[in-house]
Amino acid sequence: MELRRLVIACEGRKGKVPPSFLVASVLHQRGYRLRLFLVGTDSHLAVLLQRLCEQEVTLLDPWLCGSPKNLRVLFQAGADEQALNLILAPLSQGRLEEEKVHIDPLTADVFRHLGGAFVPLIYGDGSSMVTANLAQDVFRDAHRQEIGEPAAFLFASLPNLREYQLLELEMGRRMPALGLGFVPRHLERPLPSLEALLDGSSWRSSILPLRAAAAQLESLSGQIGWPFFSALASYCRFWEESPFPVEPLPARPLVTLLRPDDVDLAGNSWSLFLKGLGCRVVESPLTGGRIAERSDAIILLPGMARRVLLLMATDTGLRSQFPLAFKGTSPSLVMGGSLPPMGKKLFFGENIVRGLGVLPFETALKESESLSCRAEAAPPGLADDRGLLRGKERVRGWMPGNFKIRGAVDLPEPWSVSDEKGNPIPLPGGWSLGAAVATPLVLEPWSQPAIFRRWLS
């Protein structure tokens, strides 16, 4: 099996669009057949990438997938033999005090398991000598972390072509490295808000400056060596095919995926997993959508709490249909930001909004976007045999940081939750309510394929 793989690991700047996203947008505009992957769990960046390139994005995280094998199967499920499989990743967790760059361990871990051509993208807003030293740090750190030499380098925020030529000379004195070009400083753009990107009527206008910047980047003759991207990926095309981790369900259950928006905050891993299980998947929007007749399972994908509440409150059909289905006997799942609207009240600053009242709890929403954290949930001592988790089973996911569930005293004992290092997190991890599951975590089905298979069967 052949899968052409290219990893662009980009330095991040707070509040700025990653330059690697402009590169991906240009490749899309030039007609390259792409499959997009994003390392990490940043919903904001996942939505932006989907909007820019108008296609699905798969989020990759080795810890959430539970094992390297599951990570490889997830990548394989989202990849395409005929496409350029483009993996966008963070290059580092920030520069060190001595102006050095160390490759993000998460990116290095993904690269070790998936392979491909590794292309760092470094901000070059200092002198050519300083930028060449940063590239040399990355070159050495790639050897230290045993991921091999970078196939090439990209740069961003250089003021002009002359500065890039000086940079190439400096790099040539330090290491054998190929430079693919640079994204000029004047093409840097602020990051659009998540609300604007999700708004069905205004998202096009919010990314218009980004598409204009991508068009300018493409029009700059000789600025970036675009043919090299496909060529480098072709050198890393061999792929050892991996079987799906569990047997498909022979009954081929019908699963309704309720989508809060036309883009996925958590990527398309749920869709890929269900199709790998052999399920018949019906995707339905919250606006004017319906739960498919005779559905064997219902999954409400993660959304932005205020938008989910607004969409479901204005759709009388789904608003009356969903609570009955959720409290029925078929497996149902509500997770992530789609959970708060199911409660009695939502508190946003001094404002109080009535929820849908499906479950007896309240939610405090935070004004600012907070970072999510990876987490592992475990059931309480007595677990329902119909529930998702039994005994000492655990499932992984990530906890959004922009809301907090409280006042759930009338619900059963919640799941306990801990971070990736095993430290307890003093928050409810979710509840099994018969065959239904309600959790603030965005569950990763690839973390425990056998558990989710049993729950759906």
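Among the helices (runs of 4 or more DSSP H) contained in region 258-347, which hold 3 or more residues that are touching a residue at least 60 places away in the same chain (Cβ under 8 Å), touching a helix residue (DSSP H, G or I) at 6+ places or on another chain (Cβ under 8 Å) and closer than 30 Å to Ser242 by Cβ?
Passing ranges, in order: 269-276.
With (1) under 21 Å from Phe229 (Cβ atoms); (2) in a helix (DSSP H, G or I) as the list, and Glu163 as the residue in question, which single condition is left unmet?
Status for Glu163: all satisfied but (1).
Output the residue which, of all residues in region 97-131 that are touching a helix residue (DSSP H, G or I) at 6+ places or on another chain (Cβ under 6 Å) and not hydrophobic (A, V, I, L, M, F, W, C), is nearest to Ala151 (Cα to Cα).
Pro120
Does region 73-81 contain any residue that is under 25 Å from Glu241 (Cα atoms), under 19 Å from the mean Cα position of the chain (by Cα), β-branched (Val, Ile, Thr) and crowded, with 24+ Cβ neighbours inside 10 Å? Give the steps one after another, and end with the answer.
Narrowing region 73-81 to residues under 25 Å from Glu241 (Cα atoms): 73-81.
Okay, now just the ones that are also under 19 Å from the mean Cα position of the chain (by Cα), so 73-80.
Add one more test, that the residue is β-branched (Val, Ile, Thr), and what stays is 73.
Remaining after also requiring crowded, with 24+ Cβ neighbours inside 10 Å: none.
No.
Suppose we filter region 135-181 for residues that are within 30 Å of the chain's Cα centre (by Cα) and either in contact (Cβ under 8 Å) with a residue 40 or more places away in the chain or at positive phi (or both); how many remain?
Adding up the residues that qualify gives 15.
Would you confirm whether any residue within region 95-105 is of a type in the set (D, E, K, R), within 19 Å of His143 (Cβ to Cβ), out of contact with any Cys (no Cβ under 9 Å at 6 or more places or on another chain) and buried (at least 16 other Cβ atoms within 10 Å of the Cβ)?
yes
What strands (runs of 3 or more DSSP E), lying completely within region 382-457, carry at least 2 residues that are of a type outside the set (Asp, Glu) and under 19 Å from the mean Cα position of the chain (by Cα)? Quick ask: steps written out before the conclusion?
Numbers: elements: 395-399, 403-406, 416-419, 431-433, 436-439.
By residue number, 395-399.
Return the only residue of Leu389, Leu411, Leu371 being within 25 Å of Trp270 (Cβ to Cβ), loosely packed, with under 15 Cβ neighbours inside 10 Å and either modelled with pLDDT under 90 or out of contact with any Gly (no Cβ under 8 Å at 6 or more places or on another chain) (or both). Can you show your working first?
On the way: Leu389 fails: loosely packed, with under 15 Cβ neighbours inside 10 Å; Leu411 fails: loosely packed, with under 15 Cβ neighbours inside 10 Å.
Checking each option against the conditions leaves just Leu371.
Kindly provide the set of residues from region 8-18 that are touching a strand residue (DSSP E or B) at 6+ places or on another chain (Cβ under 6 Å), among the hydrophobic types (A, V, I, L, M, F, W, C) and either within 22 Å of Glu54 (Cβ to Cβ) or in a helix (DSSP H, G or I) (or both), ordered by number.
Ile8, Cys10
Here is a list of conditions, (1) assigned to a loop (DSSP other than H, G, I, E, B); (2) of a type in the set (Val, Ile, Thr); (3) within 30 Å of Pro243 (Cβ to Cβ), and Val101 meets all of them except one; can you say which number that is?
Looking at each condition in turn, Val101 falls short on (3).
Inside region 26-70, can you point out the residues that are among the polar types (S, T, N, Q), surrounded by fewer than 17 Cβ atoms within 10 Å (Cβ to Cβ) and farther than 24 Å from Arg112 by Cα? Write out each step before concluding.
At the first step, the residues of region 26-70 found to be among the polar types (S, T, N, Q) are 29, 41, 43, 50, 55, 58, 67, 70.
Those left that are additionally surrounded by fewer than 17 Cβ atoms within 10 Å (Cβ to Cβ): 29, 55, 67.
Residues satisfying the conditions are Gln29, Gln55.
Take the residues in region 311-357 that are β-branched (Val, Ile, Thr) and closer than 24 Å to Pro253 by Cα; name whichever of them is surrounded by the fewest Cβ atoms within 10 Å (Cβ to Cβ).
Within region 311-357, the first condition is being β-branched (Val, Ile, Thr), and the residues that meet it are 314, 316, 329, 334, 352-353.
Right, trim to closer than 24 Å to Pro253 by Cα and you get 329, 334.
Details: Thr329: 10, Val334: 26.
My answer is Thr329.
When you look at Leu197, is it touching a residue at least 40 places away in the same chain (Cβ under 8 Å), under 24 Å from Gln50 (Cα atoms), part of a helix (DSSP H, G or I) and touching a Leu at 6+ places or on another chain (Cβ under 9 Å), yes or no?
yes
Does at least one position in region 19-37 carry a residue that is in a loop (DSSP other than H, G, I, E, B), in contact with a Leu (Cβ under 6 Å, 6 or more places away or on another chain) and under 18 Å from Gly267 (Cα atoms)?
Looking through region 19-37, none of the residues is in a loop (DSSP other than H, G, I, E, B), in contact with a Leu (Cβ under 6 Å, 6 or more places away or on another chain) and under 18 Å from Gly267 (Cα atoms).
Could you tell me which numbered condition Ile207 fails, if it satisfies all but one of (1) outside any helix (DSSP H, G or I); (2) within 21 Å of the chain's Cα centre (by Cα); (3) β-branched (Val, Ile, Thr)?
Against the list (1) outside any helix (DSSP H, G or I); (2) within 21 Å of the chain's Cα centre (by Cα); (3) β-branched (Val, Ile, Thr), Ile207 comes up short only on (1).
Those residues that are crowded, with 23+ Cβ neighbours inside 10 Å and either farther than 21 Å from Leu187 by Cα or of a type outside the set (S, T, N, Q) (or both), I need them from region 124-133; list them, please.
Answer for region 124-133, where residues must be crowded, with 23+ Cβ neighbours inside 10 Å and either farther than 21 Å from Leu187 by Cα or of a type outside the set (S, T, N, Q) (or both): Gly124, Ala132.
Name the single residue, out of those in region 348-369 being of a type in the set (Asp, Glu) and not in a strand (DSSP E or B), that is farthest from Ala305 (Cα to Cα).
Among those that are of a type in the set (Asp, Glu) and not in a strand (DSSP E or B), it is Glu350.
The values are calculated or read from the model by the stated rules, or taken from the named source; none is laboratory data. The structure presented is a predicted model; accordingly, all values stated were derived computationally and were not measured. For neighbour counting, all protein chains shown are included, and Cβ atoms are generated from backbone atoms with ideal geometry for every residue, glycine included.
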